[in-house]
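To keep things clear, I will list the structure first and then write my remarks on it.
The values are calculated or read from the model by the stated rules, or taken from the named source; none is laboratory data. A quick note: this is a predicted structure, and the numbers were derived from the prediction, not measured. Glycine also receives a Cβ, built like all others from the backbone with ideal geometry; neighbour counts cover every protein chain displayed.
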Amino acid sequence: MHEFFQACLAFPTVVFSLFLGVALIYWLFVFAGALDLEMLDLGGDAGGELDLGGDVEMDVDADADASGDGGDADGASRGVFADLLYRLDLTEVPLTVSLSLFLLLAWTLCFVAVQTIGPIATTLVWGASVGTASALVSLALTSRFALLLRPMFRTHYAPLRRSLVGQVCEITTLRVDDRYGQAEVADGGAGLLIQVRSSNAERLGRGSRALIFDYDSSREIFQVKPLDDAAPELAH
């Protein structure tokens, strides 16, 4: 065990050992709930609307203004770093995950290389060469492993409620009036169950198809009308 720790603290392995130790402390805080998994991720460039849980809508506008004098250099450096991550296929995996994987692989490669080559690997020239080679190989391996990890970190956004306006739904309750009613919208999966209201109560019942033509955000309900009434509109 003493020889193992001695090898970990020998140059060039000690460089990766220090950073790997910091990464280990970070993951201990993550598992304890004190730090966020995506604390190092770069801010996105795109803006848009997200529907959080279907009930809360928010506008997300990124500050992507490239003009100005104060933040040009900082923005350019972030752009170069983001471009590097994109070229290495690391943009869809949290930066903390890919960085930790890189450090673990680099440390392992460097440790094995030093043990294989022998004491000569701890000299300045050989050590720097071994450390650099380990980092480059680790970067390539991290890029490949990130492809396998992508599905674990893919984000699925719920559709906006307003995006359902104009779609056809199927009534699932016995009646639909101005105070009660539910319908299902096909989404390619199990279907979305929504609250609907209509002034044509006598023409809508379970199994009827209706057109969603409006959304009331204050009451969180959709206004629908019989599909027959909407046929001319759909034709256009």
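Out of A113, A201, A210, A186, one residue alone is more than 26 Å from V30 (Cα to Cα), outside the structural domain of T13 (by TED's automatic domain parsing) and free of Cβ contacts under 8 Å to residues at least 24 places away in the same chain. It is A186. For first residues located in segment 1-30 and without any contact (Cβ under 8 Å) to a residue 12 or more places away in the chain, partners that are outside any loop (DSSP other than H, G, I, E, B) and of a type outside the set (V, I, T) and lie 6+ apart or on another chain with Cβ distances below 8 Å form the pairs L9/S17; V14/C8.
Identify all residues within segment 59-97 that are of a type in the set (S, T, N, Q), assigned to a helix (DSSP H, G or I) and either modelled with pLDDT under 55 or touching a helix residue (DSSP H, G or I) at 6+ places or on another chain (Cβ under 6 Å) (or both); write none if there are none. Correct list: S77 only. Could you go through segment 109-121 and let me know if any residue there is at pLDDT below 85 and in a helix (DSSP H, G or I). Yes, segment 109-121 contains at least one residue that is at pLDDT below 85 and in a helix (DSSP H, G or I). Would you check if F4 is over 20 Å from the mean Cα position of the chain (by Cα), surrounded by 13 or more Cβ atoms within 10 Å (Cβ to Cβ), of a type in the set (A, V, I, L, M, F, W, C) and modelled with pLDDT of 75 or more? The answer is no for F4.
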